[in-house]
Structure formats: C-alpha cells, structure tokens
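One structure is given here, and the rest of the page talks about it.
The values are calculated or read from the model by the stated rules, or taken from the named source; none is laboratory data. Because the structure is a prediction, the values reported are computed rather than measured. Here the Cβ positions follow ideal geometry from the backbone for every residue, glycine too, while neighbour counts run over all protein chains shown.
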Amino acid sequence: MEKIEQLEKILKHKFKKRELLHKALVHSSVNPHADRNYERLEFLGDRVLGVSIASLLYRIFPQEPEGSLSQRFTGLVCKETVAQVGRLLRLGDFMIVASEDIRKNENVLCDVCEAVIGAIYIDAGVEGAINFVNNHWRELIDRNVAPPKDSKTKLQEMAHIKNLGQPIYRLVGRSGSEHEPVFEIAVNMEGAGEVLGYGRNKKAAEFDAANKMLEKIL
C-alpha cells in the first residue's frame, strides 16, 4: 500500500478505490485474465485521453482551425508522447510484471499510462481525468507555440524537395477485433518504393507509413 500512496502523490490524484490503480499496473504476464490486468483499463483510457486532449486544445487555442488542432492532437496522443509521460510519472517503477525488462518497453509504458487514465476516469469521472491530463500534458502543449508538422505533411514537403512524386496511400487490410482494430496502410512513392504502416485507425496508420517512408528517403 505504501507504493500505491507514493504513486498517488506523483499522479496528483488520491483514489477512492485504490484497487483501480493497482489493476492499472498489472501486466498480463502476471495475470492473463482480462478483468485482472490493465488491458481493459488501457482500452478505456486511450479513448478518455483522446477526449481530454481534444477538450484542452479546443479551450487553449480558440483561434486555431481544425487542421492545426488535429496536428497538435496527433503529436500529444501518439505512443511516443504517452510513453514519455509514463516515464516522467515513473510508472515503470510501479508496474507489476513477470520480467524486469518489461518495465522499459515503450509500448507497455504507453499502455499502462493510458490504463491509469482509465482508472482515474472510473474513480473521478470526466473532470478528474481531464484535470489529470491537464496536469501532466500541459507543459507539452505549452512547449510548442506553433502546431507541429505531422509526418504526412513532412513527407509531402520532402517528396517535393527530392522530386520523388506525390505520396499515394492505400488501405491494404484490417485485422484485430471490432474494439481493437489494426489498420494496414501502404504509401507508395515513385523512386522510393512502398512501405507499410499500422495503426488503430486509418489516420494513425497513414502517419506510421509516412514516418517509415521518411526514414527510408532521408
């Protein structure tokens, strides 16, 4: 219980039901049952994070068009950013895992961070979740006055500079369950070939494909 109290101080949220926070920290390698590990909370937290970030951006940048808000949103909810927040919150130290190397896994850090958000949402409602996200994402929002360029925009610009032609995206396939779909998108460029990207929705898969193509041509 002492570790839970310590984490509550880091999170700046005192749980009414501490079992929710405990469950958000349990990896499937310790308990594979769906109702005993973080996976269901991660599913919920992913959606809550999206709504929270969208709400904050809508309020903080009242003059920005939808396109700029979308660019900011993508950067703030991506795996790398969520994992970064997870590291700042030291979630790796508090995870309940079967193998120590799991603690440093970026995907797991991202998932656990989202699970914690899901736990806070159940414990304190929408406002509690938005307050948590505001506390721990606000610095990231404030750090970038101008909206960041997304990977598709960067690829478009680089394609023009290198005379590689227009990037062409196409849906290759979809797998996974109805609640946890995985989209596979291909991007093709003349003179650079084709790469595949994956994501929980088509836009995320396109960004992933664009990132991979940028790595290939740079």
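Does residue 187 count as of a type in the set (Val, Ile, Thr) and either buried (at least 19 other Cβ atoms within 10 Å of the Cβ) or over 29 Å from residue 15 (Cβ atoms) (or both)?
Numbers: of a type in the set (Val, Ile, Thr): yes; either buried (at least 19 other Cβ atoms within 10 Å of the Cβ) or over 29 Å from residue 15 (Cβ atoms) (or both): yes.
Yes; evaluated as a whole, the condition is true for this residue.
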Inset, instruction - Output the residue which, of all residues in region 190-201 that are surrounded by fewer than 18 Cβ atoms within 10 Å (Cβ to Cβ) and at pLDDT 90 or above, is nearest to residue 161 (Cα to Cα). - result: 193
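Sort out which residues of region 138-166 are part of a helix (DSSP H, G or I) and surrounded by 20 or more Cβ atoms within 10 Å (Cβ to Cβ), and write them in order of number.
Our first condition is that a residue be part of a helix (DSSP H, G or I); within region 138-166, this holds for 138-143, 151-161.
If the condition is that a residue be part of a helix (DSSP H, G or I) and surrounded by 20 or more Cβ atoms within 10 Å (Cβ to Cβ), then 151, 152, 155, 159 are the ones that fit.
State the number of residues belonging to region 12-38 that are part of a helix (DSSP H, G or I) and surrounded by 21 or more Cβ atoms within 10 Å (Cβ to Cβ).
Residues of region 12-38 part of a helix (DSSP H, G or I): 18-24.
Pick out the ones that are also surrounded by 21 or more Cβ atoms within 10 Å (Cβ to Cβ) and you get 21, 23-24.
Adding up the residues that qualify gives 3.
Being within 11 Å of residue 27 (Cβ to Cβ), at pLDDT 90 or above and small (Gly, Ala, Ser) narrows it down to one of 124, 115, 98, 119, so name that one. Walk me through how you get there before you give the answer.
Details: 124 fails: within 11 Å of residue 27 (Cβ to Cβ); 98 fails: at pLDDT 90 or above; 119 fails: within 11 Å of residue 27 (Cβ to Cβ).
The match here is 115.
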Legend entry - Neighbours by Cβ (under 9 Å, 6+ apart or cross-chain): first from region 82-101, surrounded by 13 or more Cβ atoms within 10 Å (Cβ to Cβ); second in a helix (DSSP H, G or I) and of a type in the set (Ser, Thr, Tyr): none
Inset, instruction - State all residues of region 39-69 that are surrounded by fewer than 16 Cβ atoms within 10 Å (Cβ to Cβ) and hydroxyl-bearing (Ser, Thr, Tyr); if no residue qualifies, say none. - result: 55, 58, 68
